Amino acid sequence: MAAAAGNYKRILDLLEKWPIDKSKVGRDLGEFLRFYINKAYKENRFESNFKYWDKQYLSLQKLVNNYHKNKYKRSLSSSATGLTAQQCNIALSNQFLEELGKEEKSVFRKLFSLKPDKDQN
């Protein structure tokens, strides 16, 4: 049990370095990982498979420390969309997606409110 608690604490300490993005509540990866880790600990899944949790820790460590971002430096600051990382972050926020959803609904309402002519077919 002590080893399981140690693994659990080690992963939680690592996740503390990864802040939760308040603009993506309910969809944030850091939030999901915390929930998943806590649930696994409560269900005693840390005791049965130490190798699995060691692999998970190493993978999370790479994510938290931006291992791949630092290893493979980019020459451009934009993405395939032409947006910067900050612009992508804004575009993926709950507030922006909510506004986009409202706009889509109005487009669909306009589209479905158009009645086809009887002469067309």
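The values are calculated or read from the model by the stated rules, or taken from the named source; none is laboratory data. The model shown is predicted, which means the values in this text are computed figures rather than measured ones. Backbone-built Cβ (ideal geometry, glycine too); neighbour counts: all protein chains shown.
Observations
- Here ALA85 passes the criteria (1) without any contact (Cβ under 8 Å) to a residue 60 or more places away in the chain; (2) assigned by TED's automatic domain parsing to the domain that holds ALA3 except the one numbered (2).
- Helices (runs of 4 or more DSSP H) wholly inside the range 17-93 containing at least 3 residues that are within 28 Å of ALA3 (Cβ to Cβ): 29-42, 45-48, 50-64
- From the list LEU14, LEU33, LEU63, LEU29, the one residue that fits, being within 25 Å of ILE90 (Cβ to Cβ), in contact (Cβ under 8 Å) with a residue 40 or more places away in the chain and either touching a Gly at 6+ places or on another chain (Cβ under 6 Å) or of a type outside the set (Val, Ile, Thr) (or both), is LEU63.
- Search result, residues across the range 59-75 that are at pLDDT 90 or above and exposed (fewer than 10 other Cβ atoms within 10 Å of the Cβ): ASN66, HIS68, ASN70, LYS71, TYR72
- Test: ALA80 is within 16 Å of the chain's Cα centre (by Cα) and either farther than 19 Å from ILE20 by Cα or exposed (fewer than 13 other Cβ atoms within 10 Å of the Cβ) (or both): no
- Here SER23 does not qualify as at pLDDT below 90, of a type in the set (Ser, Thr, Tyr) and exposed (fewer than 11 other Cβ atoms within 10 Å of the Cβ).
- Against the list (1) under 19 Å from the mean Cα position of the chain (by Cα); (2) exposed (fewer than 12 other Cβ atoms within 10 Å of the Cβ), the condition GLU43 fails is (1).
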